[in-house]
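> Quick one: the structure is below, questions incoming.
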Amino acid sequence: MSAKEEFASRWGLILATLGMAVGTGNIWRFPRIVASNGGGSFLVAWVVFLLIWSVPLMMVEFAFGKRTRKGTVGAFAQLVGGKWAWMGGWVALCATAIMFYYSVVAGWCLRYLVAAVGGRVLTDSQGVWEGFTGSWQPAAFHLLAMGLGVAVVLAGVSGIERVAKVLIPSLFVLVLLLTVRAVTLPGAVRGLEFLFTPDWAALGSVNIWLQALTQNAWDTGAGWGLILTYAIYMRQREDVPLNAALIGFGNNSVSLLAGIMVLCTVFAINPAARDEIVGAGNEGLTFIWMPRLFAEMPGGRFFMVFFFLALSFAALTSLISMIELAARNLIDAGMRRRQAVLLVGAAGLVFGLPSARSLAFLHNQDWVWGVGLMLSGLFFALAARSFGLEKLRSEDLNGEGCDLPVPRVWSFIVGVVVPIEAVTLMVWWLWESRSWDPEGWLHPFRPETTGTVLLQFAIALTALVLYNRWRQRRQEGVR
Amino acid sequence: MTTSALVFLLLVCGLVWGGFVVLLVRAVRSEGRKSAS
């Protein structure tokens, strides 16, 4: 590997990985999920799963990337055998399928940033949103987001590091400013009370625990393969455990700030509409309600710019990591970086178009590959188990450069607890989805059904396993 | 603000933000040691 393909410093690696982890989910999903799951009691479960899902899995990913210096497919093949390379393929497929529509989401954020800078206080935000999503603009801004992401990744790891060093500290400052503004609004204390009043009885609810685990699985980036990808470029004497813990806590710190910011704003400005706002979905909260709330806030125009700027930074840094993941697997297959990144960019552009044109298609993909990520997490845990958890712990986590020795319990968490969590989550979400469409829950062509997940999983897994078999036979034939 | 909410706020924020700051300080110190050696 050339010297160029290495993070110049530990801080470059940490900021790039934080950029990967902190995405729109921290800002638009976390506040909604906290609010609709009992506030304080949800936070307890959320902190617990940070420690028994996110951080242990992040350590696995760091260890895989640092040990193999290969993308997801190559890493799984090297650590658990070529027969299981399809598992790495699944991880890559999930993250890449998410990249296709995530670029559209990043485009929405950029579009609203432009609108906010242009001084359009979106009082008719419902109409603006409907007009926007029904037009050609989502496709154009998807092109812009993908173009920006590709331009950064084309410059290699040094490009990713340079961008992260600017965007991530700026994102922290912006979220902090927005939070300070929100908590100083008259009536904001009701938001704090709602968020931090613990309802201990609610901790008996299985739903709260599963929602907290889901939030950790979706917004920390653990088990997505993205940390593995950045770990390829970490220096040999770099620490793993402390960096993983730092990123997990850093990510959840931003989520907590975002939760305080959004809920204090809602409770200060329009407490009567609290349930409607929380129930409006990710897009409803962000693109319809937040502009309305900013419009009524003193200095709201400026804070709306900050809000969409923060959201754009969060989305772009995550998109960059997804592009790098896909490109890295192609580079491992023999392509040059430029070719690989341009190919990923072109594919992203084409396969993102259906999501840019149809919200139903985007929701379908978000649903299917969101569940797919839980399977990715399971594959990481199984691969680590197959390779040898104690070997991984002693050689890669507690080995050269370690700043935070990892106790033996980590092996138990990754080998036993994480697989149970992943299977439980998948079964629970598929079971829950039956109630969203009781008549047609098995229908494979409806946006959010059990059937569409099963069909797309079956096609993807069959294709990956067959391709892997064919590739292995061909390699054996060559030998 | 109720006392229980205030205590819980300090507990959760202390754990998450405090955890982040403690880990960050540890990383800074360790990096300082590594570059000095």
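The values are calculated or read from the model by the stated rules, or taken from the named source; none is laboratory data. Just so you know, these numbers come straight off a predicted model, no measurement behind them. Because the Cβ atoms are built from the backbone with ideal geometry, glycine has one as well, and the counts that use them run over all protein chains shown.
> hydroxyl-bearing (Ser, Thr, Tyr) and without any contact (Cβ under 8 Å) to a residue 24 or more places away in the chain: is that true of residue A:135 in this structure?
Yes; evaluated as a whole, the condition is true for this residue.
> Does the range A:204-231 hold any residues that are assigned to a loop (DSSP other than H, G, I, E, B) and buried (at least 24 other Cβ atoms within 10 Å of the Cβ), and which are they? Outline the logic, then answer.
Initially, the range A:204-231 is screened for residues assigned to a loop (DSSP other than H, G, I, E, B), giving A:205, A:220-225.
Across the range A:204-231, the qualifying residues are A:220, A:221, A:222, A:223, A:224, A:225.
> Still on this structure, I have one more. Any residue at all in the range A:53-76 that's at pLDDT below 95, more than 14 Å from chain B (Cβ to nearest Cβ) and surrounded by 24 or more Cβ atoms within 10 Å (Cβ to Cβ)? Write out each step before concluding.
In the first step, residues of the range A:53-76 are kept if they are at pLDDT below 95; the result is none.
There is no residue in the range A:53-76 that is at pLDDT below 95, more than 14 Å from chain B (Cβ to nearest Cβ) and surrounded by 24 or more Cβ atoms within 10 Å (Cβ to Cβ).
> Which numbered condition in (1) surrounded by fewer than 24 Cβ atoms within 10 Å (Cβ to Cβ); (2) within 14 Å of chain B (Cβ to nearest Cβ); (3) on the phi < 0 side of the Ramachandran plot; (4) touching a residue at least 12 places away in the same chain (Cβ under 8 Å) is the only one that residue A:193 fails?
Result: residue A:193 fails condition (4) only.
This table checks each residue for (1) touching a residue at least 12 places away in the same chain (Cβ under 8 Å); (2) in contact with a strand residue (DSSP E or B) (Cβ under 8 Å, 6 or more places away or on another chain); (3) under 21 Å from residue B:19 (Cα atoms); (4) within 12 Å of chain B (Cβ to nearest Cβ).
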{"residue": "A:186", "(1), (2), (3), (4)": "yes, no, no, no"}
{"residue": "A:205", "(1), (2), (3), (4)": "yes, no, no, no"}
{"residue": "A:227", "(1), (2), (3), (4)": "yes, no, yes, no"}
{"residue": "A:230", "(1), (2), (3), (4)": "yes, no, no, no"}
{"residue": "A:239", "(1), (2), (3), (4)": "yes, no, yes, yes"}
{"residue": "A:261", "(1), (2), (3), (4)": "yes, no, yes, no"}
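> Tell me the residue from A:299, A:259 that is of a type outside the set (A, V, I, L, M), closer than 30 Å to residue A:126 by Cα and surrounded by 24 or more Cβ atoms within 10 Å (Cβ to Cβ), please. Give the derivation first.
Details: A:299 fails: surrounded by 24 or more Cβ atoms within 10 Å (Cβ to Cβ).
The match here is A:259.
> Could you please give the count of residues in the range A:393-407 that are among the β-branched types (Val, Ile, Thr) and surrounded by fewer than 18 Cβ atoms within 10 Å (Cβ to Cβ)?
Restricting attention to the range A:393-407, the residues satisfying the condition of being among the β-branched types (Val, Ile, Thr) are A:406.
Restricting the remaining residues to those that are surrounded by fewer than 18 Cβ atoms within 10 Å (Cβ to Cβ) gives none.
Of the residues in that region, 0 qualify.
> Every residue in the range A:264-318 that is small (Gly, Ala, Ser) and under 22 Å from residue A:102 (Cβ atoms), please.
Here is the first cut: in the range A:264-318, the ones small (Gly, Ala, Ser) are A:268, A:272-273, A:279-281, A:284, A:295, A:299-300, A:310, A:312, A:314-315, A:318.
Listed by number, the residues that qualify are A:280, A:281, A:284, A:310, A:312, A:314, A:315, A:318.
> Which of (1) farther than 30 Å from residue A:331 by Cα; (2) more than 13 Å from chain B (Cβ to nearest Cβ) is the odd one out, the single condition residue A:141 does not satisfy?
(1)
> Can you find a residue in the range A:288-296 that is surrounded by fewer than 16 Cβ atoms within 10 Å (Cβ to Cβ), within 18 Å of residue A:125 (Cα to Cα) and without any contact (Cβ under 8 Å) to a residue 40 or more places away in the chain?
Within the range A:288-296, one or more residues are surrounded by fewer than 16 Cβ atoms within 10 Å (Cβ to Cβ), within 18 Å of residue A:125 (Cα to Cα) and without any contact (Cβ under 8 Å) to a residue 40 or more places away in the chain.
> Here's another thing I want to ask about it. So which residues in the range A:419-458 are surrounded by 18 or more Cβ atoms within 10 Å (Cβ to Cβ) and in a loop (DSSP other than H, G, I, E, B)?
Across the range A:419-458, the qualifying residues are A:441, A:447, A:449.
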